[in-house]
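This report concerns only the one structure given below.
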Amino acid sequence: MPYTDILYETDGRLAFVTLNRPEKLNALSNNLRGEVMDAMREAESDDEVGVIVLRGAGRSFSAGYDLSPARAATSHDFVSPRSGLPDTGSTHPGKNQWARHVVMTNWVIWELAKPVVAQIQGHCLAGGTELATVCDFRICADNAQIGYPPVRAMTTMDMMWTPWHLPPCKAREFAYVGDSFSGTEMARLGWANYAMPPDELADFTEKFARRMAHVDNEMLMYSKRAVNRQYETMGIRDGLHSGTEIQALSSAREAASEWGRRVRDDGLKAALEWRDGPFRDFRGAYDSAPKDRAVAGMDKGAKGGGGSGYGD
């Protein structure tokens with residue numbers, strides 16, 4: 001079955017899965033996410049493949065989850081016709097189940113028998129960080145921007161990975177403020193394995209993956225499983241799933257309605273400018289962004305409405 005939102009190819013011992021919505025900075029639509037997980041299973045079933053490289057076409061790895069109405073389309077081949085989401089064995093009924101679904105989807109890569117190397121350039125934001133984090137290795141362009149801006153006004157992180165990969169003080173900074181960290185900084189903190197000049201990123205990542213692919217498939221599988229089980233013994237599964245319950249609560253807080261209202265009334269781009277305006281980065285860098293807006297929920301003129309559990 002052909003893919004529409006990703007590219008899949010193999011070259012010797014490597015499989016390459018490429019997010020292919022460059023005009024949208026590889027925003028993670030439900031169909032794209034479903035295609036990624038299908039391609040991961042395809043590579044897993046190919047005895048010739050030893051290592052998988054996950055990368056993004058264009059100038060960014062991924063700017064996060066797709067916030068457009070098309071994200072909920074159910075007519076694609078790689079989403080469940082019941083839920084419109086990548087199939088995790090549950091339809092995730094009811095409100096505020098998005099984060100739970102995200103974590104359950106990402107476990108596909110965690111449980112995969114083969115190691116996955118994420119090649120990261122440009123923006124790696126929100127859901128993009130979650131997808132990259134569940135991979136076994138991360139190699140970044142030194143000038144990549146890695147962050148989680150939705151925590152500024154929308155919800156907590158869908159997959160609370162920072163305490164598992166960053167020092168406590170930086171885990172809090174990343175999760176509370178939403179500022180971006182450079183690829184160089186993320187390598188220094190231990191989230192990324194390496195940070196490379198952008199023009200060397202692809203070549204270095206491929207050489208890294210090919211070096212690992214000299215190990216036989218079963219040995220790689222058992223090495224990955226041995227490391228994963230240590231984290232599971234320490235509680236990573238329970239920790240990430242408990243974080244999804246907090247995300248659901250955060251999406252139901254009173255101030256979350258302001259984000260939903262602004263998306264409906266003013267459009268997504270204007271809402272993002274409002275969200276990032278005081279921070280003066282991402283959409284907040286635009287001249288039209290409100291740099292001195294009131295704190296969410298403290299604008300007495302704001303009307304109520306539903307919040308959104310989706311990242312950016």
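The values are calculated or read from the model by the stated rules, or taken from the named source; none is laboratory data. Worth saying up front: this structure is predicted, and the values here are computed from it rather than measured. Note: ideal-geometry Cβ built from the backbone for every residue, glycine included; neighbour counts use all protein chains shown. Ligands, DNA and RNA are excluded from the accessible area calculation, which covers all protein heavy atoms including side chains. Shrake-Rupley method; radii C 1.70, N 1.55, O 1.52, S 1.80 Å.
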Quick check on Gly297: is it on the phi > 0 side of the Ramachandran plot, surrounded by 11 or more Cβ atoms within 10 Å (Cβ to Cβ) and more than 24 Å from the chain's Cα centre (by Cα)?
yes
Expected output for the range 246-259 (first residue surrounded by 21 or more Cβ atoms within 10 Å (Cβ to Cβ), partner of a type in the set (Phe, Trp, Tyr) and not in a helix (DSSP H, G or I), Cβ below 8 Å, 6+ apart or cross-chain) is none
For the range 133-148, check the following and say yes or no: at least one residue is open to solvent by less than 40 Å² (accessible area, probe 1.4 Å), at negative phi and out of contact with any helix residue (DSSP H, G or I) (no Cβ under 8 Å at 6 or more places or on another chain).
no
Every residue in the range 19-28 that is open to solvent by 10 Å² or more (accessible area, probe 1.4 Å) and not in a loop (DSSP other than H, G, I, E, B), please.
Pro22, Glu23, Lys24
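Restricting attention to the range 244-258, which residues are at pLDDT below 95 and either touching a Phe, Trp or Tyr at 6+ places or on another chain (Cβ under 7 Å) or part of a helix (DSSP H, G or I) (or both)?
So in the range 244-258, the residues at pLDDT below 95 come out as 251-258.
Selection gives Ser251, Ala256, Ser257, Glu258.
If only one of Asp38, Asp5, Asp47 is closer than 26 Å to Thr244 by Cα, at pLDDT 95 or above and among the acidic types (Asp, Glu), which one is it? Step through it out loud before you land on a result.
Values: Asp5 fails: closer than 26 Å to Thr244 by Cα; Asp47 fails: closer than 26 Å to Thr244 by Cα.
Unique residue meeting the criteria: Asp38.
Inside the range 193-243, can you point out the residues that are outside any helix (DSSP H, G or I) and open to solvent by 70 Å² or more (accessible area, probe 1.4 Å)?
Here is the first cut: in the range 193-243, the ones outside any helix (DSSP H, G or I) are 193-197, 213-216, 235.
Result: Tyr194, His214, Asp216.
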When the range 182-192 is examined, which residues are found to be out of contact with any strand residue (DSSP E or B) (no Cβ under 6 Å at 6 or more places or on another chain) and open to solvent by 30 Å² or more (accessible area, probe 1.4 Å)?
Ser182, Glu185, Arg188, Gly190
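Considering only the range 176-192, how many residues are assigned to a helix (DSSP H, G or I) and closer than 12 Å to Ile146 by Cα?
To start, the set of residues in the range 176-192 that are assigned to a helix (DSSP H, G or I) comprises 176-177, 183-189.
The next check asks that each one be closer than 12 Å to Ile146 by Cα; those that pass are 183-187.
Total meeting the criteria: 5.
Considering only residues that are outside any helix (DSSP H, G or I) and open to solvent by less than 20 Å² (accessible area, probe 1.4 Å), which ones fall in the range 29-47? Spell out the reasoning first.
Within the range 29-47, the first condition is being outside any helix (DSSP H, G or I), and the residues that meet it are 29, 46-47.
Matches in the range 29-47: Ser29 only.
Would you check which residues across the range 92-111 are more than 30 Å from Asp199 (Cα to Cα) and open to solvent by 10 Å² or more (accessible area, probe 1.4 Å) and list them? Full working, then the answer.
Initially, the range 92-111 is screened for residues more than 30 Å from Asp199 (Cα to Cα), giving 92-105, 107-108, 111.
Scanning the range 92-111 gives His92, Pro93, Gly94, Lys95, Asn96, Gln97, Trp98, Arg100, Met104, Trp107, Val108, Glu111.
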When restricted to Gly50, Gly64, Gly89, Gly12, the only residue more than 22 Å from Pro149 (Cβ to Cβ), in contact (Cβ under 8 Å) with a residue 12 or more places away in the chain, open to solvent by less than 10 Å² (accessible area, probe 1.4 Å) and in contact with a helix residue (DSSP H, G or I) (Cβ under 8 Å, 6 or more places away or on another chain) is Gly50
Among the residues of the range 223-241, is there at least one that is touching a helix residue (DSSP H, G or I) at 6+ places or on another chain (Cβ under 9 Å), at pLDDT below 95 and closer than 23 Å to Ala99 by Cα?
no
